[in-house]
């Protein structure tokens, strides 16, 4: 039995797959802050940042705490600052149980192998992360596509693997194998699965730093009404965060005569997740047989 190894190795009479590198992504506190900043931006600038805000004032929206000097300059120029920060004191681990990995949207292969008689033709787009395989008389050959691959190049590579065992003719993206009794072409693509590793409820603060009481009241009431309609927020890992208002604070005792501030306090319950890109099985030589009896069918075919 040959050992599945580096990309491009052909496998004969053995489990037919190759291991992809794991591409790991995860959602964390920074993703929630960025999502809240994006929501605030969309509320105030529904036509895009190049257009005017819905309240007519220039609004600067950012993650983190404002710089004092920059804030003073903005307020003097009637520029509203909106900062999104997390509250370390408002954290609660809400993990209940860990679900098994769940598949994300199915990744459809873009490469095509059409087999007929003693020929196989490769077409489509050889995007990275696909397995292009041929079963020739139940001997399996596979190539993992990489950047810059083309159907013609994939055909040449597969033909080179097959040529170690038998005669092969190649014309462009078409492979001809004289004397072959059976040729089956298969394509699979790496798939994404998401695993929830933890769940937490975290406090977040949307602080509005305004030059006048009227601008403060106008912008906060607008944000409060719009965000109250967001029961869940979509995070970059495709998971959802539960958004709840937990309070609001008005700061009238400011040391800065030009600063009028009000904060919207939210609790977001969200999952810490890991998204992995995993290889798919393209063929395996598993045989079905009665208990103690001879094999009756091979799944290679």
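The values are calculated or read from the model by the stated rules, or taken from the named source; none is laboratory data. Source: prediction; values computed, not measured. Glycine gets a Cβ as well: all are built from the backbone with ideal geometry, and neighbour counts include every protein chain shown.
So here's what we get for this one:
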{"quantity": "Unique residue being at pLDDT 85 or above, closer than 21 Å to residue 80 by Cα and crowded, with 18+ Cβ neighbours inside 10 Å when the list is 259, 264", "calculated": "264"}
{"quantity": "Scan of the stretch 173-216 for residues that are more than 35 Å from the chain's Cα centre (by Cα) and not assigned by TED's automatic domain parsing to the domain that holds residue 34, ordered by number", "calculated": "175, 176, 177, 178, 179, 180, 181, 182, 183"}
{"quantity": "Within the stretch 71-110, considering residues that are closer than 19 Å to residue 263 by Cβ and exposed (fewer than 13 other Cβ atoms within 10 Å of the Cβ), the one nearest to the chain's Cα centre (by Cα)", "calculated": "88"}
{"quantity": "From 78, 83, residue being in contact (Cβ under 8 Å) with a residue 60 or more places away in the chain, on the phi > 0 side of the Ramachandran plot and in the same structural domain as residue 269 (by TED's automatic domain parsing)", "calculated": "78"}
{"quantity": "Selection from the stretch 67-119 of residues that are touching a helix residue (DSSP H, G or I) at 6+ places or on another chain (Cβ under 9 Å) and in a loop (DSSP other than H, G, I, E, B)", "calculated": "78, 79"}
{"quantity": "Number of the exception - residue 117 against (1) surrounded by fewer than 15 Cβ atoms within 10 Å (Cβ to Cβ); (2) within 20 Å of residue 280 (Cβ to Cβ)", "calculated": "(2)"}
{"quantity": "Hits in the stretch 120-142 (condition: in a strand (DSSP E or B) and within 23 Å of the chain's Cα centre (by Cα))", "calculated": "130, 131"}
{"quantity": "Test: residue in the stretch 139-160 that is surrounded by fewer than 20 Cβ atoms within 10 Å (Cβ to Cβ), at positive phi and either touching a residue at least 40 places away in the same chain (Cβ under 8 Å) or touching a helix residue (DSSP H, G or I) at 6+ places or on another chain (Cβ under 8 Å) (or both)", "calculated": "no"}
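Okay, residues lined up against (1) modelled with pLDDT under 95; (2) touching a strand residue (DSSP E or B) at 6+ places or on another chain (Cβ under 9 Å); (3) closer than 30 Å to residue 90 by Cβ:
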{"site": "165", "(1), (2), (3)": "yes, yes, no"}
{"site": "175", "(1), (2), (3)": "no, yes, no"}
{"site": "186", "(1), (2), (3)": "yes, yes, no"}
{"site": "191", "(1), (2), (3)": "yes, yes, no"}
{"site": "195", "(1), (2), (3)": "yes, yes, yes"}
{"site": "212", "(1), (2), (3)": "yes, yes, yes"}
